[in-house]
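Asks: Just dropping this structure here.
The values are calculated or read from the model by the stated rules, or taken from the named source; none is laboratory data. Everything numeric here is computed off the predicted structure, so don't read it as measured data. Positions of Cβ are backbone-derived with ideal geometry, glycine not excepted, and every protein chain shown enters the neighbour counts. Only protein heavy atoms, including side chains, enter the accessible area calculation; ligands, DNA and RNA are left aside. Shrake-Rupley method; radii C 1.70, N 1.55, O 1.52, S 1.80 Å.
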Amino acid sequence: MDSGAIYIATQNDDVRIEDNYIHDINGPTYNRGIFADDGTSNVTIRRNRIENVKNHFALDIDPRSAWKMLRRKERKVNYVHENVVVEDNEVSGRVRVPKK
């Protein structure tokens, strides 16, 4: 279920996913080019080219809130999807990015 050619966990310290060419991702279920798990924060996804991803989203920022993340003492953000930048990507296929 949690899969992607590039997979990003929930809380991060300034992760940058830039200038990748992701293509021909295929399998039995839930394939993704780039997948950022629920409540992802502190991530920049920029200038990536994604094409030919079968069965699911080519670019997927999970819209769920990851409520446990916000209740941890060591949390790195005050709200989910904080400091998430998605720009200048060339995506052929389905995209799911939460609205701010």
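Asks: So what is the relative contact order of the chain, in percent, for Cα pairs below 8 Å that sit 6 or more residues apart?
Replies: 31 percent
Asks: Taking H as built 1.01 Å from N, whose amide H comes closer than 5 Å to the amide H of R94, not counting residues under 5 places away?
Replies: Result for R94 returns A58.
Asks: Then there's this: Name the long-range amide H neighbours of N83: under 5 Å, sequence gap of 5 or more, or other chain; modelled H, no Pro or chain starts.
Replies: N42
Asks: Counting helices only, and only those DSSP H runs with n ≥ 4, report the 222 nm mean residue ellipticity of the chain as the sum of -39,500 (n - 2.57) divided by its residues, in deg cm²/dmol to the nearest 500. Let's see the in-between values first.
Replies: Numbers: 1 runs with 5 residues, N = 100.
Computed mean residue ellipticity for the chain: -1000 deg cm²/dmol.
Asks: With labels modelled as points extended 7 Å from the Cα through the Cβ direction, what inter-label distance (nm, one decimal) is found for R47 paired with R94?
Replies: Using points 7 Å along Cα→Cβ, the separation is 3.0 nm.
Asks: Quick check: at a probe of 1.4 Å, how many percent of the accessible area of the chain sits on carbon and sulfur atoms? Can you show the working numbers first?
Replies: On the way: 2700 of 6030 Å².
The C+S portion of the solvent-accessible surface of the chain is 45 percent.
Asks: I'd like to check one number: the per residue accessible area of the chain, probe 1.4 Å, reported in Å² as a whole number.
Replies: The answer is 60 Å² per residue.
Asks: Provide the gained length on full extension for the span D2 to D14, in nm with one decimal, where the gain is 0.36 nm per separating residue minus the Cα-Cα distance.
Replies: Here the segment from D2 to D14 would lengthen by 2.2 nm.
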